[in-house]
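Step one of this worksheet: look at the structure below.
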Amino acid sequence: MQRSLTEESDSDLLRRASSGSEEAFVMLYRRHQGRVFRFALRMSGDEATAEEVVQEVFLTVIRGPVRYEAARASFGAWVLGVARNHVLRVLDRQPRMAREVEKPQREAPDTSTDVLAALLERESAEALHRAVLSLPAAYREVLALCDLEELDYAEAARALDCSLGTIRSRLHRARNLLAAKLVAAGNKGCAV
């Protein structure tokens with residue numbers, strides 16, 4: 001009895017996709033596209049950039065030969081490493097001012113809940129988003145991988161091609177920087 005594509009491992013799908021199977025490639029894309037997009041969006045703060053990164057990552061996969069080694073990392077960690085390289089290239093090409101995040105358009109408040117609480121929650125989310133984007137890339141990427149994408153430290157280390165100790169120290173520093181930025185932003189908002 002033959003397994004369906006949804007039951008196949010990423011390594012098997014990659015092998016089949018490299019041999020020309022469009023269905024295997026589509027399955028890999030469906031499994032990992034969302035995670036790549038979220039990571040690229042968190043790193044760049046721009047949906048168009050995130051979409052561009054997704055395209056580039058999967059073009060890298062389809063063009064083959066892919067340098068993925070299952071013994072070194074999961075396909076998910078590897079593909080996030082590829083995404084990281086593409087994001088950093090895009091960010092290096094863009095001037096700093098072009099990367100500033102536009103404020104998301106506000107939706108009409110939901111009158112079925114406490115409007116003030118909803119506005120405060122939205123403002124807090126925006127402040128967090130701005131604070132994450134203001135972190136240096138090395139801290140932003142480890143925060144995005146470990147805290148937001150929930151990769152374990154070992155997978156993040158493989159995705160970023162660095163040591164476990166580097167991941168731990170960067171994540172510790174990123175969390176401290178983020179906390180300081182949020183406190184500073186809160187103090188600015190409370191100034192009278």
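The values are calculated or read from the model by the stated rules, or taken from the named source; none is laboratory data. Note that the structure is predicted; figures quoted are calculated from it, not measured. Backbone-built Cβ (ideal geometry, glycine too); neighbour counts: all protein chains shown.
Going by what's in this entry, would Arg89 be described as modelled with pLDDT of 85 or more and of a type in the set (Lys, Arg)? Don't jump to the end; show me each part of the working.
Numbers: modelled with pLDDT of 85 or more: yes; of a type in the set (Lys, Arg): yes.
It is true that Arg89 is modelled with pLDDT of 85 or more and of a type in the set (Lys, Arg).
Condition first: hydrophobic (A, V, I, L, M, F, W, C), assigned to a helix (DSSP H, G or I) and surrounded by 16 or more Cβ atoms within 10 Å (Cβ to Cβ). Now tell me which residues in the stretch 122-138 satisfy that. Break it down into steps so the answer makes sense when it comes.
Of all residues in the stretch 122-138, those hydrophobic (A, V, I, L, M, F, W, C) come to 125, 127-128, 131-133, 135, 137-138.
Add one more test, that the residue is assigned to a helix (DSSP H, G or I), and what stays is 125, 127-128, 131-133, 137-138.
The answer is Ala127, Ala131, Val132, Leu133.
Within the stretch 124-139, which residues are more than 16 Å from Arg168 (Cα to Cα) and hydroxyl-bearing (Ser, Thr, Tyr)?
Correct list: Ser124, Ser134.
Out of the helices (runs of 4 or more DSSP H) lying entirely within the stretch 1-67, which hold 2 or more residues that are surrounded by 12 or more Cβ atoms within 10 Å (Cβ to Cβ) and modelled with pLDDT under 90? Can you show your working first?
Values: elements: 10-18, 22-44, 47-63.
Counting at least 2 such residues, we get 10-18, 47-63.
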